[in-house]
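The structure under discussion appears below in the form of structure tokens.
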Amino acid sequence: MKKTHPMKNPDIVARTEKEEALLFSPADGNLLCINKTGILVWDLCDGKNTADDIAGKIADTFEVESEVAKKDSLEYLEKLKESGFIGFKA
């Protein structure tokens, strides 16, 4: 996994309700409902954590295999990036 640092798009509006959250992009009207795993990923997209850091925290928190966490979290981060919710800094 690349050592990139995902960071939230500052224009995104996030609202958390219990174990779900809504992410809304006012720029294009894009809306995404995320579960508790998605919330953890979202919270960790602070520009300080690397994609590997996020995968490690997913593996530890949800007790999944490290390789599975890496694959799934990278795919999810790419989905967030493609939707404009996050960007990456080197």
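What follows draws every value from the coordinates through simple rules; no lab data is involved. It should be emphasised that the depicted structure is a prediction, and the values quoted were computed from it without experimental measurement. Every residue, glycine as well, gets a Cβ built from its backbone with ideal geometry; the counts of neighbours run over all protein chains shown.
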Listing LEU44, LEU32 from the residue with the fewest other Cβ atoms within 10 Å to the one with the most, what is the order?
LEU32, LEU44
In debye, nearest 20, what is the charge dipole magnitude of region 11-83 about its Cα centre with +1 on Lys and Arg Cβ and -1 on Asp and Glu Cβ, if you could check?
160
Cross-link partners of LYS48 among lysines (Cα-Cα below 23 Å; sequence separation of 8 or more within a chain):
LYS2, LYS3, LYS8, LYS36, LYS57, LYS70, LYS71, LYS79, LYS81, LYS89
Crossing angle, helix 51-62 versus the chain [Cα axis fit, 0-90 degrees, rounded to tens]:
80
Got a sec? Charge dipole of region 11-83, +1 on Cβ for Lys and Arg, -1 for Asp and Glu; which of ALA14, VAL64, TRP42 is way out at the positive end?
ALA14
Helix-only mean residue ellipticity at 222 nm for the chain, each DSSP H run of n ≥ 4 adding -39500 (n - 2.57), per residue, nearest 500
-13500 deg cm²/dmol
